[in-house]
Amino acid sequence: MRHGKKVNHLGRTSAHRHALLSNMASSLILNKRITTTLAKAKELKKYVEPLITKAKTDSTHSRRVVFSYLQNKESVTTLFGEIAGRTTDRPGGYTRIIKLSDPRLGDAADMCLMELVDFNDLYKKDGAAKKTKTRRGRKGKKEEGAEAATEVAAEEKPKKAAKKTKKAE
């Protein structure tokens with residue numbers, strides 16, 4: 001039984017597992033989206049998200065550390081250039097796992113689509129203002145909005161009354 005064990009070994013030796021995760025991380029970084037099994041995606045999420053966080057600080061040391069994990073110059077360049085530029089405002093959660101409905105035909109493994117969050121244009125809200133995060137309640141802003149709405153309504157009522165009196169004459 002696996003009680004209390006944090007690492008899913010994925011049925012591989014440690015060297016094979018590290019090579020698998022390195023190659024999958026490089027593919028995810030270069031292609032922005034990959035299709036894989038659910039177990040591999042969950043392990044890859046734990047592997048690649050610290051690398052993206054490390055890429056936010058562009059220094060020689062962080063590049064060397066990330067290169068020791070990925071072993072691919074193109075993926076390191078893409079990670080520190082394009083991906084780090086888009087994820088600077090995000091505090092974490094750089095990847096998304098979307099479960100696919102059909103299992104794999106050969107062994108009925110649960111399949112999923114793993115993608116980088118900031119590179120999917122389908123989920124972006126166009127024209128929506130960013131909400132500022134706060135630990136306080138939002139009671140103050142709602143009251144201000146209610147006061148503005150009552151002022152607008154109060155201005156409209158006299159105009160309507162004036163129109164009715166003109167029609168009556």
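The values are calculated or read from the model by the stated rules, or taken from the named source; none is laboratory data. Fair warning: this is a prediction, and the values are worked out from it, not measured in the lab. Positions of Cβ are backbone-derived with ideal geometry, glycine not excepted, and every protein chain shown enters the neighbour counts.
Close Cβ contacts (under 6 Å, 6 or more residues apart or on different chains) running from residues in the range 1-17 that are within 18 Å of residue 70 (Cβ to Cβ) to residues that are not polar (S, T, N, Q) comprise 17/10. The numbered conditions (1) free of Cβ contacts under 8 Å to residues at least 60 places away in the same chain; (2) in contact with a strand residue (DSSP E or B) (Cβ under 6 Å, 6 or more places away or on another chain); (3) among the hydroxyl-bearing types (Ser, Thr, Tyr) are all true for residue 35 except (1).
Find the residue count for the range 1-51, including only residues that are more than 18 Å from residue 118 (Cα to Cα) and touching a Phe, Trp or Tyr at 6+ places or on another chain (Cβ under 7 Å). Adding up the residues that qualify gives 2. As a summary of the residue check, residue 31 satisfies the conditions (1) in contact with a helix residue (DSSP H, G or I) (Cβ under 8 Å, 6 or more places away or on another chain); (2) within 25 Å of residue 82 (Cβ to Cβ); (3) not β-branched (Val, Ile, Thr) except for the one numbered (1).
Based on what the data block shows, is residue 64 at pLDDT below 95 and loosely packed, with under 14 Cβ neighbours inside 10 Å? Judged against the criteria, residue 64 is not a match.
Can you tell me which residues in the range 3-54 are part of a helix (DSSP H, G or I), of a type in the set (Gly, Ala, Ser), closer than 23 Å to residue 108 by Cβ and over 18 Å from the mean Cα position of the chain (by Cα)? The answer is 39, and nothing else.
Selection of the range 68-103 for residues being surrounded by fewer than 13 Cβ atoms within 10 Å (Cβ to Cβ) and among the basic types (Lys, Arg) yields 73, 99.
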